[in-house]
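Read the structure below first, then the notes.
The values are calculated or read from the model by the stated rules, or taken from the named source; none is laboratory data. A quick note: this is a predicted structure, and the numbers were derived from the prediction, not measured. What goes into the accessible areas is simple: the full protein's heavy atoms, side chains included, and nothing from ligands, DNA or RNA. Shrake-Rupley method; radii C 1.70, N 1.55, O 1.52, S 1.80 Å.
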Amino acid sequence: MAIDWTVRKNGGMNGNKPPSTSAPAVRMTCSVCGRVFLLDETNSPPFCSERCKMIDLNRWFGEEIGLPHEGGPSKGEAIDPDTAEPDRLS
């Protein structure tokens, strides 16, 4: 007699419900489309779908969004290491 060890999507081994020791599902809101979804139901966390993941990536590439920048010396301005503040040298 063969044993079926397959795991099914909506259940545990052989279609049985997973044990109650599993962590509760984490609800998230997609930052692109606003859809509420369960984190364990997506293949593209922290987004609800691959489509939203690609939209966000395109926003980064197109420089619509980016990391904050405090500024630094303007182009062509030299920093004198003898007079510069220690945090500007790094």
Quiz item: Can you tell me which residues in the range 35-58 are modelled with pLDDT of 95 or more and in a helix (DSSP H, G or I)?
Solution: E50, R51, C52, K53, M54, I55, D56, L57, N58
Quiz item: Can we say G66 is at pLDDT below 95, open to solvent by less than 70 Å² (accessible area, probe 1.4 Å) and in a loop (DSSP other than H, G, I, E, B)?
Solution: yes
